[in-house]
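Peer 1: Mind looking over this structure? Questions follow.
The values are calculated or read from the model by the stated rules, or taken from the named source; none is laboratory data. This structure is a prediction, so every number in the text was calculated from the model and none was measured. Here the Cβ is made from the backbone with ideal geometry for all residues, glycine too, and neighbour counts use every protein chain on show.
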Amino acid sequence: MNAEQILGGLNPEQRQACEITEGPLLVLAGAGSGKTRVLVHRVAYLVGTCGIPPEHILAVTFTNKAAGEMRERVEKLLGPEAGGILVSTFHSTCVRILRRDVPHLGLSRSFAIYDESDSLGTVKEALRRLDLGPKQFEPRRFRWRIDQWKNAGVLPARAVDTAVDLDAKRSAAVYATYQKLLEEQNALDFGDLILQTTELFHRFPEVLAWYRRRWQYVLVDEYQDTNRVQYRLVKQLTDEHRNLCVVGDPNQSIYGWRGADVRNILEFANDHPDAKVVKLERNYRSTRPILDAASAVVSHNPGPRAELWTEREGGDPVRLYEAVDDRDEAQFVVRQIATAARDEGRAYGDFAVFYRTNAQSRSFEEALLELDVPYAVVGGVRFYERAEVKDALAYLRALLNPADGMALRRILNNPPRGIGKATLERAEIVAQEEGTTLLRALRRLGDDPAGGRSAAKLREFLALFDALAEEVAELSPPEAIARVLDRTGYLEHLQRQATPESEARVENLRELLTGAGDFDAANAGQGPDERSSLELFLDQVALVSDLDAYEGRADRVSLMTAHTAKGLEYPVVFLVGLEEGLLPHAASTRDAGGIEEERRLCYVGMTRAMERLFLTCASERRRYGSRTFSVPSRFLSEIPRELLQGGLASTRSLRDEGMEPALDYSLDQSDADDALRPGLRVRHPIFGTGTVMERIGAGASQKLRIRFDRVGVKTVLVRFANLESAS
DNA sequence: CGGTAATTCGTTTTT
DNA sequence: CGAATTACCG
């Protein structure tokens, strides 16, 4: 194929990004500048024009969805030849490597992949072994810390060595114990998938050499989101041939909390002195007002500002709606959608609502249901995380990897079979004392002739387990699931309950069965892999997220977090909950870096909009069941007035939007300021309960004088006080 | 041991 | 407000 066939439709910069095939290349791709397009065409160019064998190319993304999309588009350009190119996520790529070479590290190829809850369970077990009560030592905090260590590429030994204070020492000890437990269970957590791969490459250069020969051209998408270990992994793979192309946008770095380090992209040029840099600054997605407003927000961050331009002129101004409360906010959004759908003939799929936290989806769901507007919540409670689905999968995991203690624990007495927590505790002690797996400990207890009733129950379970282990090995994923659900009595137990919930669960299991069937069918032509279809299925469910399964549908409004929205675009976007404490989120306002990341998140959300962008905030919202007050986000005041329609602190209501208020609206109609009137009883997180005496100022600087029951009169800034209604 | 009732607890974002 | 742990009784 000649170059023109592949690069024909690209602009000069995009074209350049494809044509610089050798050596390190950094592509700075602003929002909506055709980043995916470049990746796709670059890969096609490498294979189609330069004649690089497809097997020599590795393209790494963060989500399976991005990988799938890219694969599809490359295939469209190249045809079947594209099949040899590996387009995969960091995690899937590493699983692939480890499934092949992990024995070097002393683990078995059948290792389990622990998700967050398995991992948390293992932390709890580690805490038990270290005699640290979960009351004062929160498992979640340790898990988080361990995760950060893993993201930074720190192994337990180094964590122990570098720990100075007692707290760090304790965390490092938990980390070490945790890692030992994982090893005993023949399991790796998410962080390990990358970390252990770099460890493998580090300790076994001959293994690394093999992969270096294999992947001579490496591309990394969303490079601004890479963490230290991922950086290290990429470096290991490309240090020799140096054919590395990274694509990203520092302004869209929103995963710092997960260990991502923007410096990876900011310092790429320093890191590779001979690197070429291409900037994509032409935006093809959004109208001018949207672009200007988004740029205005993010330009409040230090560093070079986002330079994006568009040829598109005109376009609606960005609209701001200040709602009374979360309900009002949701009703406003849904009414806008319903009206636009009716009057402009827009499909529901043209609309998306982005929020900061998953919990916010609720009020929108309620409002959408009320008006019969079809919608899809993306993310949130994931399918594979539902209890019944996890149970079914836990059976398969335990059967395939008998060392998998977390899976075994889950299924041991599920359905109830007379093996209670006393037995489990005894088994755990045996396992710990003899340094063996939970399953072996259970066998030991079962073999005890003096074990009485519980030993008999154990023998019964173990017999079933062993029989199933043999059967399941030969079965396809859907067959295996069906067999397990049937033989264990799990399904029967569920059906016997005959409650609405249990029926929903049965339905979910059916869905799982269907999903497993689809997977099997899609994988049927793969030829005799070393690994069974069932094993591949379990890998897939461990690494797949809800977003990956999400197909943008033309007939549904999409609801998701701003994080999930990255990489997507919609004609009409609502970015909601723009309040201090929410966006920026209170947990991120500790340091400047946190605020800057929130600002970028806001930018990401705004730049998803193609034609029309709405920003909303509410002065009052329900949180934890009780009412909390808030003031508009600082990000709103960072947008120049002239770009906004509907100013702050205005008392615009639905009526101003040319719509009738909802029937039951009158109750909520009270102005936000009225809610904080003198006499109101409030609760302050530190000062406790008190009575509002006086209101001082308005907007972001609004203060209240409050007489607190315990500490007397104080003046607090509403914006930071996180007041709740105490009545 | 198993199920239910009571209580406590917490929310950021996720591969 | 809901999930998730704990308390308690049959």
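Peer 1: Across the range A:199-239, what is the total count of residues that are acidic (D, E) and surrounded by 21 or more Cβ atoms within 10 Å (Cβ to Cβ)?
Peer 2: Here the count works out to 3.
Peer 1: List every residue pair whose Cβ atoms sit under 7 Å apart, with the two residues 6 or more apart in sequence or on different chains, where the first one lies in the range A:126-149 and is away from DNA strand B (no atom under 11 Å from the Cβ) and the second, anywhere, is of a type in the set (S, T, N, Q).
Peer 2: Within 7 Å, the pairs are A:A126/A:T177; A:R129/A:T177; A:R129/A:Q432; A:L130/A:T177; A:F142/A:S171; A:R145/A:S171.
Peer 1: Residues of the range A:465-500 being closer than 13 Å to A:N414 by Cα and aliphatic (A, V, I, L, M), which ones?
Peer 2: A:V484, A:L485, A:L491, A:L494
Peer 1: Moving on to the next point. Go through (1) assigned to a loop (DSSP other than H, G, I, E, B); (2) at pLDDT 95 or above and name the single condition A:P134 misses.
Peer 2: Among (1) assigned to a loop (DSSP other than H, G, I, E, B); (2) at pLDDT 95 or above, the lone unmet condition for A:P134 is (2).
Peer 1: Continuing with this model, one more query. Just wondering, is there one or more residues in the range A:178-190 that are farther than 23 Å from A:Q432 by Cβ and not in a strand (DSSP E or B)?
Peer 2: Yes, the range A:178-190 contains at least one residue that is farther than 23 Å from A:Q432 by Cβ and not in a strand (DSSP E or B).
Peer 1: Just to verify a result, which residue in the range A:91-123, among those that are charged (D, E, K, R) and within 14 Å of DNA strand B (Cβ to nearest atom), is surrounded by the most Cβ atoms within 10 Å (Cβ to Cβ)?
Peer 2: Per the criteria, the residue is A:D118.
Peer 1: Go through the range A:410-430 and give me each residue that's buried (at least 21 other Cβ atoms within 10 Å of the Cβ) and among the aliphatic types (A, V, I, L, M).
Peer 2: A:I411, A:L412, A:A427
Peer 1: Something else: Applying the selection to the range A:81-120, what residues are among the small types (G, A, S) and within 16 Å of DNA strand C (Cβ to nearest atom)?
Peer 2: Within the range A:81-120, A:S117, A:S119 qualify.
Peer 1: Something else: Among the residues of the range A:296-308, what is the count of those that are over 13 Å from A:L28 (Cα atoms) and either under 25 Å from the mean Cα position of the chain (by Cα) or of a type outside the set (G, A, S) (or both)?
Peer 2: 5
Peer 1: While we're on this one: Checking the structure you have, find out if any residue of the range A:621-640 is over 30 Å from A:T689 (Cα atoms), more than 16 Å from DNA strand B (Cβ to nearest atom), at pLDDT below 90 and surrounded by fewer than 20 Cβ atoms within 10 Å (Cβ to Cβ).
Peer 2: No.
Peer 1: A further question on this structure: Residue by residue through the range A:355-380, note down the ones that are surrounded by 20 or more Cβ atoms within 10 Å (Cβ to Cβ), out of contact with any Asp or Glu (no Cβ under 6 Å at 6 or more places or on another chain) and in a helix (DSSP H, G or I).
Peer 2: A:Q360, A:S361, A:F364, A:A367, A:L368 - these are the residues of the range A:355-380 that are surrounded by 20 or more Cβ atoms within 10 Å (Cβ to Cβ), out of contact with any Asp or Glu (no Cβ under 6 Å at 6 or more places or on another chain) and in a helix (DSSP H, G or I).
Peer 1: Looking only at the range A:240-271, count every residue that is surrounded by fewer than 18 Cβ atoms within 10 Å (Cβ to Cβ) and either closer than 21 Å to A:A59 by Cβ or within 16 Å of DNA strand B (Cβ to nearest atom) (or both) and tell me the total.
Peer 2: Number satisfying all stated conditions: 6.
Peer 1: From A:V47, A:V74, grab the single residue that is of a type outside the set (G, A, S) and in contact with a Pro (Cβ under 7 Å, 6 or more places away or on another chain).
Peer 2: Matching residue, one of A:V47, A:V74: A:V47.
Peer 1: Condition check: at pLDDT 90 or above and closer than 19 Å to A:Y395 by Cβ. Does A:T488 satisfy that?
Peer 2: Yes; evaluated as a whole, the condition is true for this residue.
Peer 1: Scan the range A:362-384 and report the pairs whose first residue is closer than 24 Å to A:R510 by Cβ and at pLDDT below 85 and whose second residue is within 16 Å of DNA strand C (Cβ to nearest atom) and of a type in the set (A, V, I, L, M), with Cβ atoms within less than 7 Å and a gap of 6+ or a chain change.
Peer 2: If the second residue must be within 16 Å of DNA strand C (Cβ to nearest atom) and of a type in the set (A, V, I, L, M), the pairs left are A:F383/A:V389.
Peer 1: To continue, here is another question. What residue, of A:A394, A:A431, A:A398, A:A427, is among the hydrophobic types (A, V, I, L, M, F, W, C), touching a Lys or Arg at 6+ places or on another chain (Cβ under 9 Å) and touching a residue at least 40 places away in the same chain (Cβ under 8 Å)?
Peer 2: Sole residue among the options that is among the hydrophobic types (A, V, I, L, M, F, W, C), touching a Lys or Arg at 6+ places or on another chain (Cβ under 9 Å) and touching a residue at least 40 places away in the same chain (Cβ under 8 Å): A:A398.
Peer 1: Of the conditions (1) of a type in the set (A, V, I, L, M); (2) assigned to a helix (DSSP H, G or I); (3) under 25 Å from the mean Cα position of the chain (by Cα), A:V334 clears all except one; give me its number.
Peer 2: Of (1) of a type in the set (A, V, I, L, M); (2) assigned to a helix (DSSP H, G or I); (3) under 25 Å from the mean Cα position of the chain (by Cα), only one is false for A:V334: (3).
Peer 1: Go through the range A:506-612 and tell me which helices (runs of 4 or more DSSP H), entirely inside it, have 2 or more residues that are at pLDDT 90 or above.
Peer 2: The helices (runs of 4 or more DSSP H) meeting that bar are A:533-543, A:562-565, A:592-606.
Peer 1: When residues of the range A:568-592 are filtered for being within 11 Å of DNA strand B (Cβ to nearest atom), within 20 Å of the chain's Cα centre (by Cα) and surrounded by fewer than 23 Cβ atoms within 10 Å (Cβ to Cβ), how many remain?
Peer 2: 5
Peer 1: Right, something else. Which members of the range A:381-409 meet the condition of being outside any helix (DSSP H, G or I) and either buried (at least 19 other Cβ atoms within 10 Å of the Cβ) or away from DNA strand C (no atom under 14 Å from the Cβ) (or both)?
Peer 2: Selection gives A:N401, A:P402, A:A403, A:D404.
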